[in-house]
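The values are calculated or read from the model by the stated rules, or taken from the named source; none is laboratory data. Not measured: the values here are computed from a predicted model. Every residue, glycine among them, receives a Cβ derived from its backbone with ideal geometry; neighbour counts consider all protein chains shown.
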Amino acid sequence: MITKTELENFVERIVVLDRIIIQAHDFPDHDAISSAYALAHLFQAKGATTLIVYNGNIDRISLSNMIDWLEIPVFHINQVTLSPADKIVTVDGCIGEKNVLDLPGDEIAVIDHHQVTAPPNLWFSDIRPEYGATATILYEYYCLLGLKMPRNVATALMVGLNIDTANLTRGFVNADIRSFAYFNNNARLDIVNKVCRNEIELKELALFTHAMSRVQIELGVATVFMTVACPKNMLGILSDFLLKVNEIDVVIVATQANDNIQISLRSECPKTNVGLVAREILNDSGRGFGGGHSHMAGGIILKDHKHHFGLIDQYHFKPFVERFIELRTV
């Protein structure tokens, strides 16, 4: 756990820079953007200049709404000019992971709640995989520094916490409960509720029908390969939807992503840590890359290794299913 002194020393060291680049992970989610926003305001309160950037796309209507409604200043890397002299803080992601683009500049800090290993020689590293959201880490920073949190920042952080923990129903600890209580008393709850409720667009309803027509279930493990165009963000939404089915407690939903296969994993079975299994099946074998939490993870199956997971349009994800069933019977 980071102490007040450690945090103060880092902040004092960084706020004298010409500007601070705050990088969210690629294809960012609500927790990444809200935490970057909170960190930017924290640095600005100490007199620093900041710039929030991301790579990939913002392809969730709810995230786009949150950014617009709260006027969060976030930029795609193609909209800004970055320099090798820049200092970069990565939030809700870790330098060296496949979902964090290596930008020009010097990576100096990592703040994350995923199961990752930070590279050596950073100025600052705060990784708490037991936490439900990076939003809670940022809440604790404000508390340690005695900073008043703006209402819009509390609003964004509450959205990030709610979505990453499914409204405090998965992967949370007591620290998340404390941050939730603070956000609940200080956030704009009308905006929080509106962002969280409006997570899909009308055109995406057909994806639920397609997923239901293709779902396969074996001993509580559901797998779906989407053969129609499916945005990456919808994989997680469909996975969460399937997990609501009483007879299902582990889910894999996947789609074609260029020549690779993008997968989303969910689990409510305490014996099946989908983050560790993703790393084991993909990273350790060299067939792709992935990771995440015990209850929620994602990954990429590389094009040269798709044959290990089935035939075109008929993916069965046998290595994953066999491992999940093995773990459940231990």
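Residue by residue through the stretch 190-199, note down the ones that are assigned to a helix (DSSP H, G or I) and either within 22 Å of the chain's Cα centre (by Cα) or not assigned by TED's automatic domain parsing to the domain that holds Ala38 (or both).
Going through the stretch 190-199, the residues assigned to a helix (DSSP H, G or I) turn out to be 190-197.
Of everything in the stretch 190-199, those that are assigned to a helix (DSSP H, G or I) and either within 22 Å of the chain's Cα centre (by Cα) or not assigned by TED's automatic domain parsing to the domain that holds Ala38 (or both) turn out to be Ile191, Val192, Asn193, Lys194, Val195, Cys196, Arg197.
State which residue is surrounded by the fewest Cβ atoms within 10 Å (Cβ to Cβ) when the search covers only the stretch 179-199 and only residues that are out of contact with any Ser or Thr (no Cβ under 8 Å at 6 or more places or on another chain) and charged (D, E, K, R).
Arg197
Would you pick out the residues in the stretch 53-64 that are over 21 Å from Arg151 (Cβ atoms) and crowded, with 18+ Cβ neighbours inside 10 Å? Please lay out each step first, then the result.
If we filter the stretch 53-64 for residues that are over 21 Å from Arg151 (Cβ atoms), which is where we start, we get 53-61.
Val53, Tyr54, Asn55, Ile58, Arg60 - these are the residues of the stretch 53-64 that are over 21 Å from Arg151 (Cβ atoms) and crowded, with 18+ Cβ neighbours inside 10 Å.
Can you pull out every residue in the stretch 65-123 that is surrounded by fewer than 20 Cβ atoms within 10 Å (Cβ to Cβ), touching a residue at least 12 places away in the same chain (Cβ under 8 Å) and charged (D, E, K, R)?
Glu71, Lys87, Glu97, Lys98, Asp106
Looking at the stretch 150-175, which of the residues that are more than 16 Å from the chain's Cα centre (by Cα) and in a helix (DSSP H, G or I) is farthest from Leu70 (Cα to Cα)?
The first filter runs over the stretch 150-175 and keeps only residues more than 16 Å from the chain's Cα centre (by Cα), leaving 150-155, 169, 173-175.
Filter once more, keeping what is in a helix (DSSP H, G or I): 151-155, 174-175.
On the way: Arg151: 10, Asn152: 6, Val153: 8, Ala154: 11, Thr155: 8, Asn174: 27, Ala175: 25 Å.
Restricting to residues being more than 16 Å from the chain's Cα centre (by Cα) and in a helix (DSSP H, G or I), the top hit is Asn174.
Scanning the stretch 212-266 for residues that are small (Gly, Ala, Ser) and under 21 Å from the mean Cα position of the chain (by Cα), which turns out farthest from Thr165 (Cα to Cα)? Break it down into steps so the answer makes sense when it comes.
Of all residues in the stretch 212-266, those small (Gly, Ala, Ser) come to 213, 220, 222, 229, 236, 239, 254, 257, 264.
Adding the requirement that they be under 21 Å from the mean Cα position of the chain (by Cα) leaves 236, 239, 254, 257, 264.
On the way: Gly236: 13, Ser239: 14, Ala254: 21, Ala257: 26, Ser264: 16 Å.
So the residue we want is Ala257.
What helices (runs of 4 or more DSSP H) lie completely within the stretch 200-292 and have 1 or more residues being buried (at least 19 other Cβ atoms within 10 Å of the Cβ) and of a type in the set (Ser, Thr, Tyr)? Spell out how you get there, then give the answer.
Details: elements: 205-214, 232-243, 274-278.
Of the helices (runs of 4 or more DSSP H) lying wholly inside the stretch 200-292, those with at least 1 residues that are buried (at least 19 other Cβ atoms within 10 Å of the Cβ) and of a type in the set (Ser, Thr, Tyr) span 232-243.
Which of the following residues is in the same structural domain as Met212 (by TED's automatic domain parsing) and within 19 Å of Cys94 (Cβ to Cβ): Gly292, Gly236? Steps first, please.
Working: Gly236 fails: within 19 Å of Cys94 (Cβ to Cβ).
Checking each option against the conditions leaves just Gly292.
Would you point out which residue out of Phe289, Phe309, Phe320 is among the aromatic types (Phe, Trp, Tyr) and more than 22 Å from the chain's Cα centre (by Cα)? Please lay out each step first, then the result.
Values: Phe289 fails: more than 22 Å from the chain's Cα centre (by Cα); Phe320 fails: more than 22 Å from the chain's Cα centre (by Cα).
Checking each option against the conditions leaves just Phe309.
Working only within the stretch 200-231, note down all residues that are over 24 Å from Arg323 (Cα atoms) and either among the basic types (Lys, Arg) or in contact (Cβ under 8 Å) with a residue 40 or more places away in the chain (or both).
Those that are over 24 Å from Arg323 (Cα atoms) and either among the basic types (Lys, Arg) or in contact (Cβ under 8 Å) with a residue 40 or more places away in the chain (or both): Ile200, Glu201, Lys203, Thr227, Pro231.
All but one of (1) within 20 Å of His41 (Cβ to Cβ); (2) surrounded by 14 or more Cβ atoms within 10 Å (Cβ to Cβ) hold for Thr165, so report the exception by its number.
Tallying (1) within 20 Å of His41 (Cβ to Cβ); (2) surrounded by 14 or more Cβ atoms within 10 Å (Cβ to Cβ), Thr165 fails exactly one: (1).
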